[in-house]
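Each remark here refers to the structure printed beneath this line.
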Amino acid sequence: MSCGCFGASTVLQKKSDKHTHNSEQDQEVVIITRTKTFSYDELRAATNNFNLSNKIGRGGFGTVYKGILKNRTQVAVKMLSAESKQGEREFLTEIETISNVKHPNLVQLLGCCVHGRDQILVYEYLENNSIDRALLGPRRSIEFDWGRRSAICMGTARGLAFLHEELVPHIVHRDIKASNILLDAGFQPKIGDFGLAKLFPDNITHITTKIAGTTGYLAPEYALGGHLTMKADVYSYGVLTLEVVSGRCWDNADDRGTQKLLVEWAWELYEEGKLLDLVDPELKEFPKKEVLRYMKVALFCTQATASRRPLMSQVIEMLSRNVRLNEKELTPPGFFEDSDRIGGKLSKDKLSGASTSYQMSSYPSTITQVTPR
């Protein structure tokens with residue numbers, strides 16, 4: 001069945017079979033939602049029949065197309081590929097919940113469409129694409145000075161803190177990565193796909209995360225033990241911050257020509273007192289103390305033991321204040337190497353760093369203690 005566009009309030013009706021009588025089970029199902037809905041034909045026309053020339057991205061959850069509605073509004077249309085067990089009613093109920101979640105650093109969901117087994121989401125269109133294309137791609141055409149990079153790190157942290165600590169119920173994103181952080185016209189970051197964790201069960205999300213090739217963002221306790229908490233998002237954020245500062249992808253080789261994970265290389269440089277060597281060479285001028293603080297905060301976020309990682313509100317505090325971090329409490333990062341990349345079998349003996357805890361606990365106050373310069 002196709003959803004039509006009815007403005008701010010929508011009533012979807014599934015009529016009873018004309019050959020049946022008025023028994024209770026034959027009564028028409030009425031679904032009322034305040035979420036804007038689009039007809040399949042409207043979205044098909046907007047994307048030129050979902051033409052490949054309008055494809056602007058693909059992730060574990062589906063393919064995204066750029067579309068232009070009849071009123072000339074540009075939108076991003078995501079055709080979901082995961083097989084959700086939810087029916088139309090449950091899908092629309094979840095959509096209504098997610099569409100009411102608004103924050104400057106979250107991509108705005110504009111509406112949805114259900115057409116047969118197809119479930120489609122319509123988002124605001126963001127002009128400057130995603131971080132992986134704009135900053136980490138091979139053809140970088142936009143200059144990213146430190147002001148833009150620090151704003152990306154801070155804005156992403158604020159979006160995650162909202163999902164983790166302010167929104168009720170809390171949302172764990174599960175798939176924080178460069179391709180899911182989009183940039184608007186002013187290069188402010190917006191977290192995409194923040195609601196898909198609510199739309200799909202754990203097994204679907206976990207599988208599609210691996211299919212999407214985002215192994216390097218996964219916290220070890222989640223990747224190896226299946227234990228998911230907000231601290232898994234914090235780990236992913238740490239990896240992302242290192243990418244933004246260095247201009248390198250998570251699995252990029254280091255300057256010595258050795259194939260290493262970015263987190264692994266960052267820790268080695270930290271121990272050698274050469275962490276500034278990680279900074280993107282294209283950053284000609286930058287505040288060294290501030291950049292160092294951002295990278296050290298990223299290392300706090302990627303510690304192997306989940307309970308030692310900060311909350312996102314604490315990350316914001318550490319990034320925004322000119323403080324000296326309590327590095328005596330900093331422990332090695334946890335990471336594992338992708339079996340496809342190393343040509344071996346993924347197992348727990350690939351886990352590096354300090355011993356990993358699969359138990360969620362509060363972040364120790366000693367780690368968040370900071371000393372002014």
Filter the stretch 308-331 down to residues that are modelled with pLDDT of 95 or more and either within 20 Å of the chain's Cα centre (by Cα) or not charged (D, E, K, R) (or both), then give me how many there are.
12
For residue 285, work out the one condition from (1) at pLDDT 95 or above; (2) more than 23 Å from the chain's Cα centre (by Cα); (3) of a type in the set (Asp, Glu) it doesn't fulfil.
(1)
When you scan the stretch 124-160, how many residues do you find that are within 17 Å of the chain's Cα centre (by Cα) and in a loop (DSSP other than H, G, I, E, B)?
6
Tally the residues that are within 18 Å of the chain's Cα centre (by Cα) and either aromatic (Phe, Trp, Tyr) or surrounded by fewer than 16 Cβ atoms within 10 Å (Cβ to Cβ) (or both), restricting the search to the stretch 86-123.
4
Considering the stretch 45-63, residues that are without any contact (Cβ under 8 Å) to a residue 12 or more places away in the chain and under 22 Å from residue 199 (Cβ atoms), and then whichever is most open to solvent (accessible area, probe 1.4 Å), we arrive at 58
Identify all residues within the stretch 116-136 that are among the aliphatic types (A, V, I, L, M) and farther than 22 Å from residue 42 by Cα; write none if there are none.
131, 134, 135, 136
Take the stretch 295-313 and flag every residue that is touching a residue at least 40 places away in the same chain (Cβ under 8 Å), part of a helix (DSSP H, G or I), open to solvent by 10 Å² or more (accessible area, probe 1.4 Å) and under 17 Å from residue 157 (Cα atoms).
313
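Go through the stretch 76-85 and give me each residue that's open to solvent by less than 30 Å² (accessible area, probe 1.4 Å) and either in contact with a His (Cβ under 7 Å, 6 or more places away or on another chain) or in a strand (DSSP E or B) (or both).
Narrowing the stretch 76-85 to residues open to solvent by less than 30 Å² (accessible area, probe 1.4 Å): 76-78, 80, 82, 84.
Within the stretch 76-85, 76, 77, 78, 80 qualify.
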Would you check if there is a residue in the stretch 63-71 being modelled with pLDDT of 95 or more, under 24 Å from the mean Cα position of the chain (by Cα) and farther than 24 Å from residue 174 by Cβ?
yes
Return the pair list, or none, for Cβ contacts closer than 6 Å from residues in the stretch 92-115 that are under 19 Å from residue 42 (Cβ atoms) and in a strand (DSSP E or B) to residues that are aromatic (Phe, Trp, Tyr) and open to solvent by less than 40 Å² (accessible area, probe 1.4 Å), at least 6 apart or on different chains.
109/123; 111/38; 113/38; 113/40; 115/40
Out of the stretch 212-254, which residues are over 15 Å from the mean Cα position of the chain (by Cα), among the aliphatic types (A, V, I, L, M) and either open to solvent by 40 Å² or more (accessible area, probe 1.4 Å) or at pLDDT below 90 (or both)?
223, 224, 253
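The values are calculated or read from the model by the stated rules, or taken from the named source; none is laboratory data. Everything quoted here is computed from the prediction, not taken from an experiment. Quick reminder, even Gly has a Cβ in these numbers, built from the backbone with ideal geometry, and neighbours come from all protein chains shown. Note: areas computed on protein heavy atoms with side chains; ligands, DNA, RNA excluded. Shrake-Rupley method; radii C 1.70, N 1.55, O 1.52, S 1.80 Å.
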